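Structure first, commentary second.
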Amino acid sequence: MAATPDKYQRVKITERKDYAEDLWSIRVQPEQPLSFKPGQYATLGLERDGRVIEKPYSIVSSPLEDQIEFFFELVPQGELTPPLYELKEGETVLMRRQAKGLFTLDLKSGHKKHYLAATVTGVAPFVSMARTQVRETEQGHPPDLKLVLLQAASRSWEFAYREELEALSKKYSWLQYVPTISRPWEDPDWKGEVGRVEDVLRKYLDSQGLEPSETTAYLCGHPDMIENSKGILKRRGFPKESIREEIYWVPAKKEK
């Protein structure tokens, strides 16, 4: 299917940052504003041979920012991230005109505590949530909630937004950021938390007093992490409706 103006707008890359060999972010300037809620995604695409190759990506930026930010991990055998990886500032990509997704902050249950768990690029929607709360705080409307953000990666240099989140965590009492790495033998200078999300999830549930009766949990990123963490949360007493998930890809079915 070719790109049509009613479905897509062309957005210009205004900034690119590379964090590791396979991790980078871009900021784009849309022709027309994109309406979205923190946690939602936008679909990006490139036109190839008369058709659009496209994929949804969680939005990193806040709806209160002028430009839109995305965070990528290169999938060498993928159809879209390799050509996206080659794009430079000044070049353009296609973006669908409508953002979608239900992975947004739970504002209906009355829960004041929100436990956010992510692997690598899965932090994107949580950065959007945090930035939005910062903007609202600066406008004189501090949030009546607490965010505990647990982000896991193999090594510390995969934490693209670590400095920003640590600074916000020190400045605002409503945010706590916990980065954890799963391969400390490859990162000997790391002094922080060690383990996968599943290894430390329960620790911070307990230490931060995140009781099921007043907490909503959010899981984003690797499908195995999400499945394992759901089991931990359910055993801790979290009902299904208090666990939200955003799976970044569907794992291949194992042959029996």
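The values are calculated or read from the model by the stated rules, or taken from the named source; none is laboratory data. Computed from a predicted structure; not experimentally measured. Note that each Cβ is placed from the backbone with ideal geometry, even for glycine, and that neighbours are counted across all protein chains shown.
Among the residues of the range 72-87, those that are within 17 Å of the chain's Cα centre (by Cα) and either touching a residue at least 60 places away in the same chain (Cβ under 8 Å) or closer than 17 Å to ALA118 by Cα (or both) comprise PHE72, GLU73.
Rundown of residues vs (1) under 18 Å from THR121 (Cβ atoms); (2) among the aliphatic types (A, V, I, L, M); (3) assigned to a loop (DSSP other than H, G, I, E, B), yes/no style:
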| site | (1), (2), (3) |
| --- | --- |
| ARG10 | no, no, no |
| GLU15 | yes, no, no |
| TYR19 | yes, no, no |
| ARG27 | yes, no, no |
| GLY39 | yes, no, yes |
| GLU54 | yes, no, no |
| LEU64 | no, yes, yes |
| GLU69 | yes, no, no |
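Does the range 144-171 hold any residues that are surrounded by fewer than 18 Cβ atoms within 10 Å (Cβ to Cβ) and either over 22 Å from LEU205 (Cβ atoms) or modelled with pLDDT under 95 (or both), and which are they? Within the range 144-171, ASP144, LEU145, SER154, ARG155, TRP157, GLU163, GLU164, ALA167, LYS170, LYS171 qualify.
Taking the criterion of being without any contact (Cβ under 8 Å) to a residue 40 or more places away in the chain and β-branched (Val, Ile, Thr), the residues of the range 205-247 that qualify are ILE226, ILE232, ILE243, ILE247. Candidates GLU54, GLU21, GLU69: the one that is closer than 30 Å to SER154 by Cβ, among the charged types (D, E, K, R) and under 14 Å from the mean Cα position of the chain (by Cα) is GLU69. Considering the range 73-170, the qualifying strands (runs of 3 or more DSSP E), each wholly inside and each with 2 or more residues that are touching a helix residue (DSSP H, G or I) at 6+ places or on another chain (Cβ under 9 Å), run over 113-119, 146-153.
Checking the range 38-49 against the condition returns a match, with at least one residue being under 30 Å from GLU136 (Cβ atoms), out of contact with any strand residue (DSSP E or B) (no Cβ under 9 Å at 6 or more places or on another chain) and buried (at least 20 other Cβ atoms within 10 Å of the Cβ).
Among the residues of the range 30-38, is there at least one that is in contact with a Ser or Thr (Cβ under 7 Å, 6 or more places away or on another chain) and touching a residue at least 60 places away in the same chain (Cβ under 8 Å)? Yes, the conditions are met somewhere in the range 30-38. Checking the conditions here, which among ILE59, ILE68 is touching a helix residue (DSSP H, G or I) at 6+ places or on another chain (Cβ under 6 Å) and not assigned by TED's automatic domain parsing to the domain that holds ALA124? Testing whether each residue is touching a helix residue (DSSP H, G or I) at 6+ places or on another chain (Cβ under 6 Å) and not assigned by TED's automatic domain parsing to the domain that holds ALA124 leaves just ILE59.
Condition test on ARG244, is it of a type in the set (Lys, Arg) and crowded, with 18+ Cβ neighbours inside 10 Å? Yes, satisfied. Anything in the range 172-209 that is closer than 28 Å to GLY140 by Cβ and surrounded by 14 or more Cβ atoms within 10 Å (Cβ to Cβ)? List them, or say none. Selection gives TYR172, TRP174, LEU175, GLN176, TYR177, GLN208. Taken over the range 204-246, the criterion of being part of a helix (DSSP H, G or I) and either among the aliphatic types (A, V, I, L, M) or in contact with a Lys or Arg (Cβ under 6 Å, 6 or more places away or on another chain) (or both) is satisfied by LEU205, MET225, ILE226, ILE232, LEU233.
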